[in-house]
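> Below: one structure in structure tokens.
The values are calculated or read from the model by the stated rules, or taken from the named source; none is laboratory data. Given the structure is predicted, the values throughout are model-derived calculations rather than measurements. Backbone-built Cβ (ideal geometry, glycine too); neighbour counts: all protein chains shown. The accessibility values were calculated without ligands, DNA or RNA, using every heavy atom of the protein model including side chains. Shrake-Rupley method; radii C 1.70, N 1.55, O 1.52, S 1.80 Å.
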Amino acid sequence: MKPATPRRRLLLFLPVGTRRSRRIFVLAHYAVAAGLIAITTWALPTRWSFLLLLLIPVLSLFFSLPGKIRPDGSLRSTPGFFLLRPAARRGTTALHLTNDGNAAAAIHDRFDERDRARRDSAHFVAHSYLTLALIPFLVAVTVAYADRSLWLFPVAFTGASILFILAITLPQAILLWTELDPAPETSATPTSLAGAAQ
Amino acid sequence: MKTELRLFGRQIQVATKAGRRRLVALFYGAFAGLMLLSWFADATGHSASFWTAEFTILVSPLLGGYLSGWRTPFSAGLIKPFGGNELIRYSSTLSRNSILARIYPKPEDLQAIRNDERELNQRDRAHFLAWRVLSGLVMAAFLLDYLEGTKLHVLQSAGVSAHACQAAIFAILQIGYNLSLTLPAAIILWSEPDLDPDPADPALAGAAQ
């Protein structure tokens, strides 16, 4: 019998098995994204700053890969973000996170009722935050276009970058931030339990 | 969800799915018409921004959800306030004084804003669906902004002027603003099956007699 492959609890070489480590992961992601936005805004409108800005969607897309945390603390493959579902189905990058791409695992990976409720609830919270972020951005763009204020165009551009990152990552970040630590596993296996009963 | 809409003293029955879908189509049709007219009348888009804000704040309470409440005129909404349960939670933890009493609902208002478990699931599911549209709009705005902002002249070589690109970003944001506050309620109204009319309705009670 082939031994079961241990599930990975690492993402980008960072541990995500506990709630604390997941929160550090979320904060680290947003810190890196904020740093990139700050650098590009400062360097606007040079050509290399726009090339640097390309890193933001790449980083955010990579961050949006984990969509569900299993009861044992490992990550499942299918992301919550709709654009990446085909990629996950084809077994590309996302499947490497869980390292068990067989049929049984695929059934195990399906969303159950609790997963759906948590996913939808995270989207409700994310929607509220994105709406709040959208309103000042719309005001900034309106003012910038009204009197052609040149200093506001970088602000509007930065706002677009922030909104883009939120649009891609926020539901996943809320899930990672709020998911509780898994219950402690018992070391007893069915075989050992049967032996103990005898 | 309410089964009738009270508008200027008239009662409009929206217990059927078809009736609610007509209402949603009318709402977005009016918004689209207003946007088109505004953009044709003023190519800078400022009129469209003004009318988008006005339409969203003044007309969206009819659908309910975000711009809904327990006081007139916000109590007209068909969908209960999305944050109603949070309001109840906050109000129960705060001491009552004259200012808070105006902000938070009174015990007799709770029925109008409290969401049960099914309504909460509906609300969250609608936001999950609406998120796709909203995030798609935001990403489209970012992409246009990026392509317009780069000095690589990608859009210019495709025959799109910088002004047209900025106008498109502006319009996308205006649509996004409206949809962010109305789309979840519209999704619920669109997808909810036929409801039984409210038995407490005096008109129906009279008809039954």
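> Would you confirm whether or not segment B:136-155 contains a residue that is more than 9 Å from every other protein chain (Cβ to nearest Cβ), open to solvent by 40 Å² or more (accessible area, probe 1.4 Å) and in contact (Cβ under 8 Å) with a residue 60 or more places away in the chain?
no
> Quick check on segment A:126-144: of everything there that is without any contact (Cβ under 8 Å) to a residue 24 or more places away in the chain and open to solvent by 30 Å² or more (accessible area, probe 1.4 Å), which residue is nearest to the other protein chains (Cβ to nearest Cβ)?
A:142
> What single numbered condition from (1) more than 9 Å from chain A (Cβ to nearest Cβ); (2) in contact (Cβ under 8 Å) with a residue 12 or more places away in the chain fails to hold for residue B:111?
Just one mismatch for residue B:111, condition (2).
> Since residue B:16 meets every condition but one in (1) touching a Gly at 6+ places or on another chain (Cβ under 9 Å); (2) more than 30 Å from residue B:169 (Cβ to Cβ); (3) touching a residue at least 40 places away in the same chain (Cβ under 8 Å), which condition does it not meet?
Residue B:16 satisfies every listed condition except (1).
A quick yes/no check of all residues on (1) in a helix (DSSP H, G or I); (2) under 27 Å from residue B:10 (Cβ atoms); (3) modelled with pLDDT of 85 or more:
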{"site": "B:110", "(1), (2), (3)": "yes, no, no"}
{"site": "B:118", "(1), (2), (3)": "yes, no, yes"}
{"site": "B:130", "(1), (2), (3)": "yes, no, yes"}
{"site": "B:141", "(1), (2), (3)": "yes, no, yes"}
{"site": "B:151", "(1), (2), (3)": "no, no, no"}
{"site": "B:176", "(1), (2), (3)": "yes, no, yes"}
{"site": "B:197", "(1), (2), (3)": "no, yes, no"}
